[in-house]
Amino acid sequence: MPAETLLQRARNVAERAYAPYSKFKVGAALLTSDGSVIVGCNVENASYGMSICAERSAVASMIAMGHLDPVAIAVVGGRSGTPCPPCGACRQVLAEFNPNMLVVLESPNKVIVMSANELLPLSFSLTERT
Ligand code: THU
């Protein structure tokens, strides 16, 4: 699937974000190995710390829908055309499911594509590293 298609899905779901406090709407579209696209948006709360990011919202939906194999995620937020890189907490959650997952971001010139592992080297793991 072209990166631009996945970015468009993320843009569409960002419109549904619930962000009355920050006014910063984020959308994420996850592509799984069978070609499914699963979306998520940020959902804020009056108790600010209870807010959930778009990326983790998409991952939660992915698991609920029975998928375990994300291959890419597009993330958009804030001003159109500028990158909205996943926060540190979301990077750890993305790495859990596939360190090689491609993270696709808007940018003024050309789309940015980086792996989850590039965005979070040495992510925490309970299994031993050699
Ligand atoms: N947010 C995300 O949805 N994803 C991120 O990776 C970083 C931040 C949301 C959380 C909050 O609702 C808003 O952006 C402003 O921080």
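The values are calculated or read from the model by the stated rules, or taken from the named source; none is laboratory data. The structure displayed is predicted, hence computed values, not measured ones. Positions of Cβ are generated from backbone atoms using ideal geometry, with glycine treated the same way; all protein chains shown enter the neighbour counts. Surface accessibility is based on the protein's heavy atoms, side chains included, excluding ligands, DNA and RNA. Shrake-Rupley method; radii C 1.70, N 1.55, O 1.52, S 1.80 Å.
Scan segment 1-22 for residues that are more than 8 Å from the ligand (Cβ to nearest atom) and among the aliphatic types (A, V, I, L, M) and jot them down.
MET1, ALA3, LEU6, LEU7, ALA10, VAL13, ALA14
Quickly run through segment 101-121 and pick out the residues that are in a strand (DSSP E or B), closer than 23 Å to ILE52 by Cβ and more than 13 Å from the ligand (Cβ to nearest atom).
Result: LEU102, VAL104, MET114.
For segment 1-56, how many residues meet the condition of being open to solvent by 80 Å² or more (accessible area, probe 1.4 Å) and of a type in the set (Asp, Glu)?
3
Out of everything in segment 23-48 that is in contact with a helix residue (DSSP H, G or I) (Cβ under 9 Å, 6 or more places away or on another chain) and among the polar types (S, T, N, Q), what residue ends up being nearest to the ligand (Cβ to nearest atom)?
Once the filter is applied, the top-ranked residue is ASN42.
Might you check whether a residue that is under 24 Å from LEU126 (Cβ atoms), among the β-branched types (Val, Ile, Thr) and in contact (Cβ under 8 Å) with a residue 12 or more places away in the chain occurs anywhere in segment 59-70?
yes
In segment 65-83, what residues are more than 23 Å from ASN100 (Cβ to Cβ) and surrounded by fewer than 22 Cβ atoms within 10 Å (Cβ to Cβ)? Break it down into steps so the answer makes sense when it comes.
Pass one, segment 65-83, residues more than 23 Å from ASN100 (Cβ to Cβ): 77-82.
Once the filter is applied, which keeps residues that are more than 23 Å from ASN100 (Cβ to Cβ) and surrounded by fewer than 22 Cβ atoms within 10 Å (Cβ to Cβ), segment 65-83 yields GLY78, ARG79, SER80, GLY81, THR82.
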